[in-house]
1. Quick check on my filter: what residues within segment 222-250 are over 30 Å from Glu273 (Cα atoms) and assigned to a loop (DSSP other than H, G, I, E, B)?
2. What number of residues within segment 105-119 satisfy the criterion of being in contact with a strand residue (DSSP E or B) (Cβ under 7 Å, 6 or more places away or on another chain) and either among the acidic types (Asp, Glu) or over 23 Å from Leu239 (Cβ atoms) (or both)?
3. When the residues of segment 261-278 are filtered to those that are over 10 Å from Val229 (Cβ atoms) and more than 22 Å from the chain's Cα centre (by Cα), which remaining residue is surrounded by the fewest Cβ atoms within 10 Å (Cβ to Cβ)?
4. Where residues in segment 68-86 are more than 22 Å from Asn46 (Cα to Cα) and either small (Gly, Ala, Ser) or part of a loop (DSSP other than H, G, I, E, B) (or both), which of them is modelled with the lowest pLDDT?
5. Given the conditions (1) closer than 14 Å to Tyr331 by Cα; (2) in contact with a helix residue (DSSP H, G or I) (Cβ under 7 Å, 6 or more places away or on another chain); (3) acidic (Asp, Glu), report the number of the one that Glu236 does not fulfil.
6. Take Tyr242 and decide whether it is surrounded by 18 or more Cβ atoms within 10 Å (Cβ to Cβ) and either aromatic (Phe, Trp, Tyr) or modelled with pLDDT under 90 (or both).
7. Could you grab the pairs with beta carbons closer than 6 Å, sequence gap of 6+ or different chains, first residue in segment 181-195 and touching a residue at least 12 places away in the same chain (Cβ under 8 Å), second one among the polar types (S, T, N, Q) and surrounded by fewer than 16 Cβ atoms within 10 Å (Cβ to Cβ)?
8. With Asp185, Asp85, Asp141 as the choices, which residue is of a type in the set (Asp, Glu) and surrounded by fewer than 19 Cβ atoms within 10 Å (Cβ to Cβ)?
Amino acid sequence: MKASILAKIVVVLCMLSLILGFFTIDKNEAYIGENKKGKNIISNTNKVAVIELDGVIASSSESNFFAKEANAANMLKSLKLAKEDSEIQGVILKINSPGGTVAMSQNIYNQIMNIRENKPVIAVMDDVAASGGYYIASAADRIIAQDGTLTGSIGVIFSFMDYHNLLTNKLNVDQVVIKSGKFKDIGSSTRAMLPEEKELMQNIVDDSYQQFLDAIRKGRIDRKACYDVARVDLSEENLIRYADGRVFTGVQAKILGFIDETGDMDTAKSMIEKMTQQRFNNKLKVKLVNYNRKSSFGEYFSGLAEYSLNRNIKFSDIIPTSMVLSRRPLYLWE
């Protein structure tokens, strides 16, 4: 009886979610529709898009039915919309992420750099903006963090699980592999990694790490003096010395040149207002616009399911992210 009532409640809530989703059209899409014929129109407003990233940076969320609105895929989509929107004169990125996959971090970084050519961009760090989180922040014109924000962790990690001793020595299980080349099963969990395989993987990590350093150089060391607002320059010496995987607080990061200012969203709003006024030669006040898309039907449903089942432990809380995203190089801090 109780199960039947719960099922009816779920169906009703699902229908309500669909109705809400129909009426809550993404404002971003409307902006693009209005601006297709006049991307270069000078707006009489000073709107600044606020785009959030919360969680691990991974492209797999693009196809996830239960994806959150502040995930990496949605951030990338929102950045593309903000770039084309003539009403948006600046962008504030709110970042709370330990990092994630290399390619998705690079996708977001490149999109931010594209926006930066025509509009000012500020990154605001929350609790954590480490590894890939710092990677994408370094593309912004200015970086702001709280005093106690954890950032840095500049580096690459490549993780593999090795349980061949358990299988072979304890359970007497052997794996038979037929392969076309000696490296085809590299990183296999059922045998020890060979020295030449470790060398190959290390070369991949080293190359990805060099790409990380080059991105920071382009974003922070080679940046032009476009705006007369708080700025702390990062030296090549500090970049090489401290880009060893260590994390910093916001205070330490400012001293070393990895961020420009300590503060919060109020600090960012004041700074972006000055930057947009300097960029577009106006004296208009800033209006912040939430630019992440609306919650999907999947979010409503997953929230209901989680509440109904009263789950206290999630699978992702047990398995390290580097294991969930194994067999690929990561800009990730754990």
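1. Ala243, Asp244, Gly245, Arg246
2. 2
3. At the first step, the residues of segment 261-278 found to be over 10 Å from Val229 (Cβ atoms) are 262-269, 276-277.
Narrowing further to those that are more than 22 Å from the chain's Cα centre (by Cα): 276-277.
Values: Thr276: 23, Gln277: 19.
Checked segment 261-278; the qualifying residue surrounded by the fewest Cβ atoms within 10 Å (Cβ to Cβ) is Gln277.
4. Filtering segment 68-86 for residues that are more than 22 Å from Asn46 (Cα to Cα) and either small (Gly, Ala, Ser) or part of a loop (DSSP other than H, G, I, E, B) (or both), the one modelled with the lowest pLDDT comes out as Lys68.
5. (1)
6. yes
7. Correct list of pairs: Thr190/Gln175.
8. Working: Asp85 fails: surrounded by fewer than 19 Cβ atoms within 10 Å (Cβ to Cβ); Asp141 fails: surrounded by fewer than 19 Cβ atoms within 10 Å (Cβ to Cβ).
Every option except Asp185 fails the conditions.
The values are calculated or read from the model by the stated rules, or taken from the named source; none is laboratory data. Worth saying up front: this structure is predicted, and the values here are computed from it rather than measured. In this analysis, Cβ positions are derived from the backbone assuming ideal geometry, glycine residues included, and neighbour counts consider all displayed protein chains.
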